[in-house]
Every structure is written in structure tokens, then in C-alpha cells.
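Computed from the coordinates by the stated procedures, all read-outs in this text should not be read as laboratory data. Owing to the predicted nature of the structure, the values given are computational and were not obtained by experimental measurement. Here Cβ is always computed from backbone atoms with ideal geometry, including for glycine, and neighbour counts include all displayed protein chains.
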Amino acid sequence: MQEFNARVSYYGLKNLPYIEEGTHVPSLDYAPPEYILSGKLDMSGDVYSFGAILLQMLTGLKMRHIILKIRNDSESIAEMIDPDLENSYPLQEGMRMCEIIKQCLEEDPKNRPSMQQVLDSLNGIART
């Protein structure tokens, strides 16, 4: 039987009145750099976390050092696409997905797309 493990949770939980302070700690595997540095989260942090999850889904790899490799351009996302996918997707759309992921994982939150832009881009890929 295959295990199903949640990969993301809503970081905004800390803003809900019934959540006690210190009872919800997001996984640092998906946490944006600004959260690690300041403990503050916003929508651009959610975009980052979503990009990290997309990256893990596309590559099948653990998150530990993947993001740093991509940011430093020592390895491209396209080179890390899970070989089990066996080209079961159009190459051009796979490359578009890699670009969306890279935008989501921008270190500076101001350079990340909005979640609506990410959704629109993913819908564009799904339509082709």
C-alpha cells in the first residue's frame, strides 16, 4: 500500500483565533527564505511553498538541496525531471512548468508571481 503524506498546510493558521501560539510549525522543507529569517509569512510565501511542492512532484526528489542547486544555476530543473515520467508529457509544456517553478522559488518575494498568475500559467499548460 502506498503512503500518502500531506506536503503543505495553510501557514495562515497562526492567524486563526483557535490556534494557540507555537502549536503550528510549518515544514522547513517548503518554507520560504523570509519565513526562516523573520518568521513572517504572506501570500508570496505560499507561492514559494507551492513552487517547492511542484518541484518535488516533477522531480520526485527530496527537497533538501534541490532549491539551492536551482537558484545557483548549477543544475536546471529540466535535467532533474523524474525519469519515471518517461516523457509522458509534451516537452515544451514540461519546460513551461520548470519556468513557473523557478519563478515561484525566487528568493526575493517581490520577484515571485502572484498565486493567480501561477494558476493561470498552470491552466494554460493543462489546456494544451
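Given a Förster distance of 41 Å, report the FRET efficiency between Asp108 and Asn87 from their Cβ-Cβ distance, rounded to the nearest 0.05.
FRET efficiency, Asp108 to Asn87: 0.75.
Quick check on the exposure proxy: order Asp29, Asp120 from fewest to most C-beta atoms within 10 angstrom.
Values: Asp29 16, Asp120 11.
By the 10 Å Cβ count, ascending: Asp120, Asp29.
Along region 122-128, what does the Karplus equation 6.51 cos²θ - 1.76 cosθ + 1.60 (θ = phi - 60°) give for ³J(HN,Hα), rounded to whole Hz, x for Gly and Pro?
Result, ordered by residue: 5, 4, x, 5, 5, 6, 8 Hz.
Could you give me the ³J(HN,Hα) list for region 41-49, computed from phi with Karplus coefficients 6.51, -1.76, 1.60 and θ = phi - 60°, whole Hz, x at Gly and Pro?
With coefficients 6.51, -1.76 and 1.60, one gets 10, 8, 4, 5, x, 5, 4, 4, 4 Hz.
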